[in-house]
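FYI, it's all coordinate maths here, none of it is from the lab. Just so we're clear, the structure is a prediction, and the values are computed from it rather than from any experiment. Cβ placement follows ideal geometry from the backbone for every residue including glycine, while neighbour counts extend to all protein chains displayed.
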Ligand SMILES: Nc1ncnc2c1ncn2[C@@H]1O[C@H](COP(=O)(O)OP(=O)(O)OP(=O)(O)O)[C@@H](O)[C@H]1O
Ligand code: SF4
Ligand SMILES: [Mg+2]
C-alpha cells in the first residue's frame, strides 16, 4: 500500500492501492532475450548458426567459384588435396612475323595450340617492333598480358625454327637443333638481331610455357572428383540443405499448427479424426515414408521438400494441439468469449501466440532433422538431383574416394553438416528451456 | 434488499429449467475395446440440473456450494461462455437463444465475468492497454481516437494508475491483476457481472479492497451481481439473496439475513454449522461431514441423502422439488411437506 505522508493527495481517484512490483516495463521479448543469453553455449551455437546462415545466403557472392558453372572448373583439378593451387596447362603460341616497318609495333597473332581454360594466360600477347640500331637492324619482341599480373605466370619459352642467320640477344641456343630456350627474365630484353643484308621473310614458332599452378587461387579444402572447389561446393550445398530444411519446416509448421489448433479448439470428431491421422503418420518410420514417397515422385528439390513436409507436419500438429489444449482451458480464452470476440480472433490473436513457444522449439529441432533426413536421402541417391548438390550429396560423392585416402571430399561436408545440426540443436535446447512454461517465472 | 417497486419489471436475468451436461464421448479406440468385450461408457456429468432462478436489477445474488457442485458452470452459462443443454435463459425477458447475431452479441457484452485466477484470466502476451481496450475497439464502443483516454478512465475506475498501461500482466500483483480483469469487463459497459470466486485467490487484506471495489462499482454503474463463492462470510457480507447449490441443483434460496438466521435445508444447516470461536468478528464454518458424491454417478432421489442426518426412505426414491416455503424463500427438501 502507498503510505500517504500528506493528509490529502491531489489526485482524487488515481492513487494505486498496491505498490507496483518493478518500475521498468519489460516486454516478454526482452525477457526472452535475457533468458536466452544466460547460456553461453547456446549463444555460441546461435553465433555459429548465424555465421552458417550468412555463408549460405551470400554464397553466390562470397564463394570463390560457382560450382554449378561447368566452365568454371576443370577435370585436371580433380581430387586435389586441401591447400593446393589451381592448375593450368602450358601455353603454346606459334608466331609468324609479317613485313615490318621500323619503329612500328605489330601484334603477332597466336595461330594454334592455345588452350582454353586459362583465364589469365588467355590475355597474353606478343608484339614485334623493327628497330634500326647502330649495330644494324633488330626485331624487338615484347610480351604483354591482360591482366598484367598474368605475366608473372610466364615461366619459360622456347623459340623454334628461326631462319638461318638471325640470332637472339638473350637465351640459350640448343647445341645442334634450331631451338632457343628462354627464361622469364630473358623476355625483359629480347630481340632478334638480323645480320647485315638479311632480307628473307621471318617466321618462327614461339612456345610460351606458363607456370602450372595459379598462386592466386588456392583450394583450401581441396577439390572433388569433378575438380570443383570443395569450399564453394559446400557453401552452395549448405544453401541447398538449409533452404530445403527451412522451407519444409516452415510449411510443415504452418500445416501442422493449423490442424493442431483446429483439433484442440473444436475437439470432438474433428479432433479425433485429425489426431488419428497424426498417430498413423507418426507410427511409420520417417525415413521409410520419405523413401517411398521419393521412389514414387522421383528426384527434385520440390519433391524432397514435399516428402519432408509429409513426414514432419504431424510433429507440429501434435505439439500445437497439446499446447492449445492447455491454453484453451485458461480463463483468458473464456474472457475473450465473454467479450464476444470472433472465433477467428480468439484462435489467431489469443490462442495461437500463446501456443507458439513449444511449436518453435519443435520447429528448430525439426529443421535440424529435416536437414539430416535430406542428407540421408541424398546420400542414398534418391534425394536431390546431381546438379544441385546438397551437403548429403557431397558426402555421398566423396564416399568412394574415402578409402583411397582422399578424405576431404566426404569429410568436410560431413563436418559442415554436423556443425549445422549441432548449432541448431544447441539453440533449440536453450529455446526449450527458456520457453518452458513450468520454468517460467 | 428487494423493494416493492422492483418486483414489477422483468428480472434482468432469468433461468428457466436450465441444465448443462458434459458428455465425454467414446473415441474409436474405446469403441473398438467395447466390441472386444470391455464395458466403457460415455461419461456424463450433469453439472447443472434444472435450475430456475431470477436476478432482479441491482441485486447481489450469492451462489454457494461445495467444490464441484456446478457453480462455475452455472456462472458460465449465464455469462454465455457455455450453452445450456436444456432450458432457456432470458435477458430482460428475451430468450437469448432466439436473438439475432447483433442482439446476441449485445446481450453477451451486457453480462461479463470476473474470474478466479487473476493470472490465467489475462492474456500474458497483451499489454494492459490491449487487454482492456481490445473489445471496445473491436466492437466500436469507442472511436479510435478516444480509445486511449477510455482505457485510462477504466483503469482509474478500478483504482489502477493509468501510467501502468504499457505493462504486461506478469508485472502486477495479484490484486492489481484482478483489477485489470475488472477493468476489462467494465470497458464493454456491462450491466451484470458474474464473479466466479473473484477474490478466492487473493490475500485476505487484498480481498477486502477488491470486495469494496465491487460494491463501489455497483453504485457507480448500477451493476447487478451473481457472486459465486464457497466463502460464506464473503457471501453474507455482500449479498442481498443467497442460493445454495448441491450437485448441480439449487437446494435453497432465501434473502441473506433469513438464510443465515433460519436455514431451512439440512444441507444449508450443515454448511452454516459454526465452529465455536472466541472472537465474534469473523465466523468460521466447519466443512460438511461426509464425502462429496461423484458427479459422474450422483445419488438417487435427493442428492444429499447419503450425508443427510434426516434422510427418509422417500429421499432415496424421489427428488424433492424446489418449492416456496415462505414469501421469497424456496427450499428443496421433503421435510417441508410434513408441515
Ligand atoms: N468443460 C467441462 N467438461 C467436462 N466436465 C466439466 C467441465 N466443466 C466442469 N465440468 C464438471 O462439472 C462439474 C461442476 O464443475 P464446476 O467447475 O462448475 O464446479 P464448481 O462448483 O465451480 O467447483 P469449484 O468450487 O471447484 O470451482 C464438475 O464435476 C466438473 O468436473
Ligand atoms: S430431502 Fe431428505 S435427504 Fe434431502 S435434504 Fe431433505 S431430508 Fe435430507
Ligand atoms: Mg468453480
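A few notes on this one:
- Each of the peptides B:310-318, B:78-86 was scored by the mean count of other Cβ atoms within 10 Å over its residues; in descending order, highest first, they stand as B:78-86, B:310-318.
- DSSP beta bridges in the range B:187-273 [antiparallel fraction, %, rounded to 5]: 55
- Shielding by partners - mean other protein chain Cβ count within 10 Å, residues of A:325-335: 6
- MRE, 222 nm, helices only [DSSP H, n ≥ 4, -39500 (n - 2.57), over the protein assembly as shown, to nearest 500]: -12500 deg cm²/dmol
- Additional length obtainable on full extension of the chain from residue B:52 to residue B:324, 0.36 nm per residue less Cα span: 96.7 nm
- Inter-chain neighbour count for B:118-129: the average number of beta-carbon atoms from partner chains within 10 Å of each residue's beta-carbon is 5.
- Per-peptide average of other Cβ atoms within 10 Å, ordering A:166-175, B:163-172, A:50-59 highest first: B:163-172, A:50-59, A:166-175
- Shown is the FRET efficiency for residue A:282 and residue A:37, computed with R0 = 30 Å from the Cβ-Cβ distance and rounded to the nearest 0.05: 0.30.
- DSSP beta bridges in the range B:3-338 [antiparallel fraction, %, rounded to 5]: 60
- Approximate shape of the protein assembly as shown as ellipsoid semi-axes (Cα gyration tensor, √5λ), whole Å, largest first: 91, 30, 20
- Residue A:76/residue A:161 FRET efficiency (R0 35 Å; Cβ-Cβ; nearest 0.05): 0.75
- Of B:241, B:307, B:125, the one that fluctuates the most in a GNM where chain B has Cα springs shorter than 10 Å: B:125
- Exposure proxy ranking for B:215, B:154, based on other Cβ atoms within 10 angstrom of each Cβ and starting from the fewest, stands as B:215, B:154.
- The gain in end-to-end length when the residue B:212 to residue B:29 segment is fully stretched comes to 60.6 nm, 0.36 nm per residue minus the alpha carbon separation.
- Förster radius 56 Å - calculated FRET efficiency between residue A:250 and residue B:257, Cβ distance, rounded to 0.05: 0.30
- In the protein assembly as shown, the DSSP beta bridges split such that about 80 percent are antiparallel, to the nearest 5.
- Ranked packing of B:60-70, A:235-245, A:299-309, most packed first, by mean Cβ within 10 Å: A:235-245, B:60-70, A:299-309
- Normalised alpha carbon radius of gyration of the range B:175-236 [divisor 2.2 N^0.38 Å]: 1.05
- Shielding of B:99-112 by partner chains, average beta-carbon count, 10 Å: 1
- Highest GNM mean-square fluctuation among B:137, B:31, B:189, for chain B modelled with Cα contacts below 10 Å: B:31.
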